[in-house]
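To keep things clear, I will list the structure first and then write my remarks on it.
The values are calculated or read from the model by the stated rules, or taken from the named source; none is laboratory data. Quantities reported herein were computed from a predicted structural model and do not represent experimental measurements. Note that we place each Cβ from the backbone using ideal geometry, even for glycine, and neighbour counts take in every protein chain shown.
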């Protein structure tokens, strides 16, 4: 089953570290757990019209949270760090 670009890339991750990585042409996304590196690469190239040099993928565990007396563990998720060969990605316009 082939996933579309908007199904693979869920959201950009905007943190202090990911903002610092953007200076080196690296961008961080939350991606679908079933997506692999070639699918992520083609989704970023298709969605943002850029050339991707490499993709690094990490499985992120769900962190335990308190819900009253119980500990609730959300689902694990997948994070991708995409290094661009050329071009750049703008997430927010006018800020």
> Somewhere in the stretch 14-30, is a residue farther than 14 Å from residue 89 by Cα, in contact (Cβ under 8 Å) with a residue 24 or more places away in the chain and surrounded by 11 or more Cβ atoms within 10 Å (Cβ to Cβ)?
Replying inline: yes
> In the stretch 1-10, which residues are more than 13 Å from residue 89 (Cβ to Cβ) and in contact with a strand residue (DSSP E or B) (Cβ under 6 Å, 6 or more places away or on another chain)?
Replying inline: 8, 10
> Name the residues in the stretch 57-90 that are surrounded by fewer than 11 Cβ atoms within 10 Å (Cβ to Cβ), modelled with pLDDT under 90 and closer than 17 Å to residue 18 by Cα, would you?
Replying inline: 88, 90
> What single numbered condition from (1) at pLDDT below 95; (2) crowded, with 16+ Cβ neighbours inside 10 Å fails to hold for residue 4?
Replying inline: (2)
>> Taking the condition of being assigned to a strand (DSSP E or B) and either over 14 Å from the mean Cα position of the chain (by Cα) or closer than 19 Å to residue 15 by Cβ (or both), how many residues in the stretch 42-95 meet it?
In response: 24
